[in-house]
Structures are given as structure tokens and as C-alpha cells.
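The values are calculated or read from the model by the stated rules, or taken from the named source; none is laboratory data. Everything numeric here is computed off the predicted structure, so don't read it as measured data. As a convention, Cβ positions derive from the backbone with ideal geometry for all residues, glycine included, and neighbour counts pool all protein chains shown.
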Amino acid sequence: VNRLWLLGGAAALAAVIVVAAIVISQSGADDEETSSAPSAPRVERIAQEGIWLGDPDAPATLIEFADLQCPFCAEFANEELPGVIDRYVRDGSLRLELRLLAFLGPDSVRSRDVAHAAAQQDRIWGFSERFFRNQGPENSGYATDEFLERLARQTPGLDVEQLESDLGNQESEALTREAERMARTLEVPGTPAFYLVRDGGRPEPVEIDQLDEALAGG
Amino acid sequence: MSDRRLRIAVAVLSLAGLGVAGYLTWVHYADLDPICAGGSGGCEKVQSSDYAELAGVPVALLGLIGYGAILASLAVPGDAGRFTGALLALAGFGFSAWLTYVELFEIDAICQWCVASAVIMTALAAVTSLRFAAPRPAGSGHRRS
């Protein structure tokens, strides 16, 4: 009987340990502010500012036009972007700029608006990374408020209450208008579309599989 | 069941757990996607979620340490070793249960490796508890306390 009591004590102690671990885990998720934020494998470890990822002094900027619902954009984000980050962004030779469009339907609009609110906390890259990993079938109505809030909560450093109050504000609207204006000016044919800017010059269209050559070509 | 058999069961389960947690730890630090039957989507989603780390320490690494500690508890003689093994396995079981809940209801994805680890930890909790609580027959090869 004594052993059973001891075992019960061990179970209670184990429960205390687990609860403490859960509390630590939850509090940690709320105050990730720095580049040491652990959860995303890539973008959280790199400087983010507004819609940009990487060193502000990088000699080149790659502009990506994307729609969060676009499957090819997700394919790029999940499969090729990590390589681009590892090869060029980490060492400061390239900065990424994310210009979100919303032409595929209502889910795109709602998602883009949340992403633009996240940009005001310098977390658009973390949010969109999670969105692309969790992307659902086009216009199936999956991008509900609950879905978007869950992704926001999973994005380290993103204050969800602040995000909600920033939704649709002037800065968000400005990002939306600017992306649309740039897309019109550059005659973006679809998404994803990529443009390379070197030394403050004009954006030049670039095929992502030829980025190595384009950057090497100076 | 004799203490010897229970010790062997704990050792085998701990080694299996070390294998699973070791693989997930390696995948985490190598920035790779875990190999999963039916595609790595679920595993990748779980591994890249906020729940994949606890205060900056990968959960897979915590598992690796936990399984190693349970295995090491076999080397501690008497009730101290049995109690430590049971305590660690019960804590591991509780944590695995919480992680499984998170996979199902927060992340909406299941990682087969995590499920395998949860099953192993559940079995370990049962075996180590039995080893501590149940009387052991004489001649099991270990000192009775």
C-alpha cells in the first residue's frame, strides 16, 4: 500500500512538472521578440522590418508578388524560399520584399489584410510562412477568422490583439494600394512573380531558378 | 512478471524512444523535414509549430534526454532507481498526452514520429509504475528493499 501511495505521489509530482512545462511553453510563445525566436525554422532568425526580410543594407532586393491563396506561391515558399534565404539572405547579400496581392477571391482579401496588419509588427514573413504551410484549397472558405487567428497566434512575436486593432488601418491600406500600384506599373503577369532591384535601380523581372546567375551577373 | 523482465522491457522501450527522439532532434537541428508515410506535411507542420520547442529547447531534445534518463535510472539500484524511472516516465507520459492534444486541436496535424514516441512513453509509464508498485518474486536477480 505504501508503494501505491508513493506511486501516487510520483504521479502527482509528474503532473506538477508537466503543468510547469506547459506554462513555460505558453508564456514563451507570447514574448518572442528577438531573432532567437525558435518556432519557425527560418524567417524568425532573420531581421524583419515591415514587408522586408534581411539586411536593409543588402546590395540587392528581390521583390516577390504573391497571393496567399496561390498554390504556386505556397510551393515556392515551402520548397524554394528556404534555399534562397540560406544562400543569400543570411549573409546579407539579398533582401526580400513581399508584395501581397489578392485577386483569387475573398479568402485572399481577408488573409492579405491580416498579413498587412502583421507587417506593422514586422511579422508578415512569419505569418505568411505559416499561412503557406497551412494553405487550403482555393476559395473553399478555409481562411476563416479562427484559421487566421490561429496562424497569428502561432507566429512568434505577433501580438494578436494589436493585430486585430491594426486590421484595415491606414498603414494596412497603404500597403495594399502600394502593392497593387507596383503590380500595375510592372505589369505583373501572375503570382508568384519576382523582380530584382540592384543598387536602387529599377525592378527587373527575374525567373527564380535563374536567381543565382542574375545575382552573379552583377 | 520478474523484475529482470521488467528491466529488459524498460531498456528496450527506452532505446526505441531514444531512436525516435534522436531522429527528430537530428531533423530539427539539420533543418530537414522528417520522413513520414503519406508525405511529411503533418510532421513538418508539427515540427515547425510553436510547440516544437519549450523555452527555446526542442521538444525532441527533451524527449531524448528523458529517454536517456529513464534508461540511466536502470543503473540506480533499489527503490531509488525504480522510483526515479517511474517519475520520469509518468512526467513524460503527461507531457506526451498534452502534445498529442496540441497536435489534434491546436496544430491540426499529426506527426507519426510524435505518436510513436507517445505510445512508447505510455508503455514506459505503465512498465516503470508496475516495476515500482508490484512486489517482485524472490530470485529475480536484484536486491529486495
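Annotations
- Scan of the range A:1-35 for residues that are at the interface with chain B (Cβ under 7 Å from one of its Cβ atoms) and at pLDDT below 60, ordered by number: A:Gly28, A:Ala29
- Top-ranked residue in the range B:66-83 [being free of Cβ contacts under 8 Å to residues at least 12 places away in the same chain and in contact with a helix residue (DSSP H, G or I) (Cβ under 8 Å, 6 or more places away or on another chain); ranked as farthest from the other protein chains (Cβ to nearest Cβ)]: B:Ala75
- Considered as a group, the residues in the range A:150-159 that are more than 23 Å from A:Phe103 (Cα to Cα) and within 14 Å of chain B (Cβ to nearest Cβ) include one that is surrounded by the most Cβ atoms within 10 Å (Cβ to Cβ), and that residue is A:Thr155.
- Meets criteria (touching a residue at least 40 places away in the same chain (Cβ under 8 Å), in contact with a helix residue (DSSP H, G or I) (Cβ under 7 Å, 6 or more places away or on another chain) and of a type in the set (A, V, I, L, M)) for A:Leu151: no
- For the range A:96-114, the set of residues classified as closer than 23 Å to A:Leu211 by Cβ and under 13 Å from the mean Cα position of the chain (by Cα) consists of A:Leu96, A:Glu97, A:Leu98, A:Arg99, A:Leu100, listed by residue number.
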